[in-house]
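Since the structure comes first, as structure tokens, the remarks are kept for the end.
A short reminder: the numbers here are calculations on the coordinates, not readings from a lab. Keep in mind the model is a prediction, meaning the values are calculated, not measured. Reconstructed Cβ throughout: ideal geometry from the backbone, glycine too, with neighbour counts over all protein chains shown.
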Amino acid sequence: MSNSNKDLFDRWRDATSIKDEDDLPKRAKKILYRVLGILLIIIFSPLILLILLFAMLATV
């Protein structure tokens, strides 16, 4: 894995990992980041699959 990807995943993990010393607004923000990430995956995965499907059908 390249350094840029490792840095990106490390930053994402740091942004979403909840620590005991985090105050309530910071915890809420981290939970919001997790929820938004999951929603983006749920929304865009089928769209990407549909685009690929139509691209495959267009080449037939």
request  = Go through Ile18, Ile41, Ile51 for me and flag whichever is β-branched (Val, Ile, Thr) and in contact with a helix residue (DSSP H, G or I) (Cβ under 7 Å, 6 or more places away or on another chain).
outcome  = Ile18
note = Within region 15-45, the residues that are over 13 Å from the mean Cα position of the chain (by Cα), surrounded by 10 or more Cβ atoms within 10 Å (Cβ to Cβ) and either in a helix (DSSP H, G or I) or of a type outside the set (A, V, I, L, M, F, W, C) (or both) are Ser17, Asp22, Lys26, Arg27, Ala28, Lys29
